[in-house]
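Please read the structure below before turning to the comments.
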Amino acid sequence: MTQPDGMILGGLGDPVHDSQRCFRGILDAMSRPARPVTLASPPDAPPGVAPATMAVLHCLLDQDTPLWLDPGLQARAARHISFHTQAPLVAEMSAASFILVGDGLQLPDLSCLPLGDPAYPERGATLLVQVGDLASGGALRFRGPGIDGTADLQIDGLAPEFWPAFAVNTELFPLGFDTILFAGTRIVGLPRTTLLEEA
Amino acid sequence: MTTPDSRGGSYNFAYLDEQSKRMIRRAILKAVALPGYQVPFGGREMPMPHGWGTGGIQVTASIIGRDDVLKVIDQGADDTTNAVSIRNFFLRTTGVATTERTADASIIQTRHRMPERKLQEGQIMVFQVPIPEPLRWLEPRESETRTMHALAEYGIMHVRLYEDIARLGRIATAYDYPVQVNGRYLMRPSPIPKFDNPKLDRNPALLLFGAGREKRIYAVPPYTDVKSLDFEDHPFEVQSWDHTCALCGADDSFLDEIVTDDKGGRMFVCSDTDYCAERRTADGANAEAAE
């Protein structure tokens, strides 16, 4: 891997409490899927990275979490992310525990994501995807653990080829990847247990 | 309320260092994504021995923030040794507000009970777990139990429950009664009485389980199906009592038997002290209003 590119901005203003607040936001999003959660006071983010994305990277990543960046982010944001999180950047998606996609309309090949092992399903990757917008009450209907009945969600700026991969992921349970979507300061959790209802 | 400044600056907020918290937080998120599956984590040494709830304490320390209101119970009571010492630990290391009222708490750490009052969306329960593996007394080898979970091969647990019925005419397990979560993983609900098992099913709160000695974290997300194992002709049922609570008269709560003298005197009272106190206060208010 070549030297990461881009500039370095400031980190978290209050690392201990900002991380804690952010984590509760992520925990809320993952335990109540398909419901947008706003992360308060997110940190500075380099071009191409949403404030919520940067908050989550600060909160969850460190030297133990290999990170895969798509080529666009590799060029613009790798230096900032690498400096602040200390996460090793990896060239192969199969070696990463977190995969960050800067633009939901340009998805990499999701069949390369680590899905875990039947004995250790928690080794499945966490997929982070930035999309255009997230709002509750849209055309997509989800059900599963964490959802009381069904939850409706509007996602703008996510390529349609995401959903076949998502459906395969559902079938593979307990293997699979867990998804977090980002738009601005909002996040939505779609853990591997969440099912998309056929329209 | 104590302010965080009164901690004296000796320890990080909530005792654990930030890197340990990050590792535990990642384990919690995977646990939420795999309901009932035990995620291994790098358990840390805490300033108290295993068996005092170090698993639950590490989970609470990794999620708690300055805005939280913490309740800690041991066997349903807020005023027993384990509950008091854990509450004091978090008071000293975080300065967060604490409460004995179930309704007011954002995080409830528990040993061996769930509150009688229905939990709400947004609340988090943290269970202290001594032995996380439901199959451990049937199969001591971790490599074997791990394979059984991978294959969802839970026949030996059904055989164990069947042997109870064959020998005793009923399933004798009264606490830590095995459950299946979201139709997949077999889970030990920690040593709560089976009376509390129905509360696990589709609970609006997030349920997190921490085992310190065994270094495992697992979770039941809100509104998740949790089924107590049983047989068609021997359906799961909870304990019932011939008594009501001697203090508040409740007929719907888990009762403790208390010996009151050495002449055979005894009374039955609610194990959930907050529930009992709240009912007595309400009765008092009603009686005054009636006068």
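By DSSP, what percent of the beta bridges with both residues in chain B are antiparallel, rounded to the nearest 5?
Around 60 percent antiparallel, to the nearest 5.
Using the Cβ atoms and a cut-off under 12 Å, what net charge is assigned to the surroundings of B:Gly55, where Lys and Arg are +1 and Asp and Glu are -1?
That works out to +4.
Given the Cα-Cα distance of A:Phe83 and A:Glu161 and 0.36 nm per residue of separation, how much length would full extension add, in nm?
24.8 nm
How much length would be gained if the chain were fully extended between B:Ser10 and B:Asn88, taking 0.36 nm per residue of separation minus their Cα-Cα distance, in nm to one decimal?
Using 0.36 nm per residue and subtracting the Cα-Cα distance, I get 26.5 nm.
Run the paramagnetic zone check for B:Thr80: 7 angstrom along Cα to Cβ, then residues of segment B:21-64 with backbone nitrogen under 14 Å.
Zone members listed by number: B:52-53.
Set the Förster distance to 25 Å, then compute FRET efficiency between B:His50 and A:Asp62 from the Cβ-Cβ distance, nearest 0.05.
Calculated transfer efficiency: 0.45.
If you add up the charges near B:Thr145, with Lys and Arg at +1 and Asp and Glu at -1, over every other residue whose beta carbon is less than 14 angstrom from its beta carbon, what do you get?
0
For a test of the definition: using alpha carbon positions, the gyration tensor, and the 1.5 limit on a/c, classify segment B:23-180 as rounded, prolate or oblate.
Prolate shape, in that a/c is at least 1.5 and a/b is the bigger ratio.
As a test, work out the antiparallel percent of DSSP beta bridges whose residues both lie in segment B:1-131, rounded to the nearest 5.
If we restrict to bridges inside segment B:1-131, about 15 percent are antiparallel.
Place a +1 charge on the Cβ of each Lys and Arg in segment B:240-291 and a -1 charge on the Cβ of each Asp and Glu, then give the dipole magnitude about the Cα centre in debye, rounded to the nearest 20.
120 debye
Across all directions of projection, what mean area in square nanometres is found for the Cα convex hull of segment B:240-291?
Mean projected area for segment B:240-291: 4.4 nm², to one decimal.
Karplus couplings for segment B:181-196 from phi (6.51 cos²θ - 1.76 cosθ + 1.60, θ = phi - 60°), rounded to Hz, Gly and Pro as x?
Residue by residue, segment B:181-196 yields 9, 6, x, 10, 7, 6, 9, 8, x, 6, x, 7, x, 5, 3, 8 Hz.
Does anything in segment A:93-126 have its amide N under 20 Å from the 7 Å Cα→Cβ label point of B:Thr147, and if so which residues?
A:117-122, by backbone N distance to the label point.
Rounded to the nearest 0.05, what FRET efficiency do A:Ala135 and B:Gln120 have when you use their Cβ-Cβ distance and R0 = 25 Å?
E between A:Ala135 and B:Gln120, to the nearest 0.05, is 0.50.
Can you tell me how segment B:144-254 classifies by the Cα gyration tensor, rounded, prolate or oblate, using a/c under 1.5 as the rounded cut?
Since a/c reaches 1.5 but b/c is at least a/b, the shape of segment B:144-254 is classed as oblate.
Does chain B come out rounded, prolate or oblate by the C-alpha gyration tensor, with a ≥ b ≥ c the root eigenvalues, rounded set by a/c under 1.5 and, if not, prolate when a/b is larger than b/c and oblate if not?
Oblate shape, in that a/c is at least 1.5 and b/c is the bigger or equal ratio.
Taking 0.36 nm per residue of separation and subtracting the Cα-Cα distance, what length does fully extending B:Arg101 through B:Ala282 add?
63.8 nm
How big is the protein assembly as shown along each principal axis, measuring the range of its Cα positions in Å and listing the largest first?
82, 55, 45
What percent does the relative contact order of chain B come to when contacts are Cα pairs within less than 8 Å and at least six residues apart?
Computed value for chain B: 21 percent relative contact order.
Enumerate the calculated ³J(HN,Hα) couplings along segment A:77-83 in order (Karplus 6.51 cos²θ - 1.76 cosθ + 1.60, θ = phi - 60°), each rounded to whole Hz, writing x wherever the residue is Gly or Pro.
10, 4, 5, 4, 5, 5, 5
Throughout, read-outs are computed from the coordinates displayed, never taken from laboratory work. From a predicted model like this one, the values you see are computed outputs, not experimental measurements. With ideal geometry, Cβ positions are generated from the backbone for all residues, glycine too; neighbour counts draw on all protein chains shown.
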